[in-house]
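Beneath this line is the structure, given in structure tokens, with notes to follow.
The values are calculated or read from the model by the stated rules, or taken from the named source; none is laboratory data. If you're wondering where the values come from, they're calculated on a predicted model, not measured in any experiment. Cβ placement follows ideal geometry from the backbone for every residue including glycine, while neighbour counts extend to all protein chains displayed. All accessible areas refer to the heavy atoms of the entire protein, side chains included, with ligands and DNA or RNA removed. Shrake-Rupley method; radii C 1.70, N 1.55, O 1.52, S 1.80 Å.
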Amino acid sequence: ENAEVYPFWSANKRWLAVQYSTIKMDSSSSGVTINGLGLVDTTDLSQKMVPIASLGTHIHLLGFSPDSKLLAYMDSPEYPNALITLLNVETGETVLKLTINNKMRFSNAIFWLDSDRFSYISDGRIYMYSIGTKKTSEVYPGPGVKQFTEYSEKGYSADWVLWSPDTKFAILSIFPGESSVANFFTFNMETKVVTQLAQYSATPLGFSAD
């Protein structure tokens, strides 16, 4: 057996979430990966790591909310469906279970906009979920979005999204047809305008802090 451990810290440095993978050799010698998740409260290091998800082959840790109160993880036992779970790390309560269509097999399926809202992609559409109101709204290609590019007019769906720190802009990527080159677009949340940014064979790293 071989084991790999991936740590994730909360913003307040109190909580340490751990995703661990154990590779067991099967009869074909190709190996079977079994994932698990655990949580450590670093204010009491005498306590052992608390398991927070059953072992399975499709578990991915998605990270903490900005206020360090919620931890998100995803399980994808039945492709293309995936189950996103939000856990209150202080109480151990499950705050949300959300099923999405994860046909693009994202390991980073959600993006926190703030401690109440996160965006996610389901079946090529971008949605925003509010924990406070428990409501989902479609962001792209939702109502009022002005699709000025040949790709969006043809109905190609988004397969990746990155939000600016102020959540006013997003970068979308679209792979038209079978192309291996992604077409990147900027999306203005206020004007609902989508404009083409560039074509890349790689993914942009992110926005500057300002």
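Residues that are at pLDDT 85 or above and farther than 30 Å from residue 173 by Cβ, at least 2 per element: which strands (runs of 3 or more DSSP E) completely within region 1-110 meet that?
Ranges flagged: 15-24, 32-41.
If I filter region 80-96 for residues that are of a type in the set (Asp, Glu), in contact with a strand residue (DSSP E or B) (Cβ under 6 Å, 6 or more places away or on another chain) and open to solvent by 40 Å² or more (accessible area, probe 1.4 Å), do I get at least one hit?
Initially, region 80-96 is screened for residues of a type in the set (Asp, Glu), giving 90, 93.
Going one step further and asking which of them are in contact with a strand residue (DSSP E or B) (Cβ under 6 Å, 6 or more places away or on another chain), we end up with none.
Among the residues of region 80-96, not one is of a type in the set (Asp, Glu), in contact with a strand residue (DSSP E or B) (Cβ under 6 Å, 6 or more places away or on another chain) and open to solvent by 40 Å² or more (accessible area, probe 1.4 Å), which makes the answer no.
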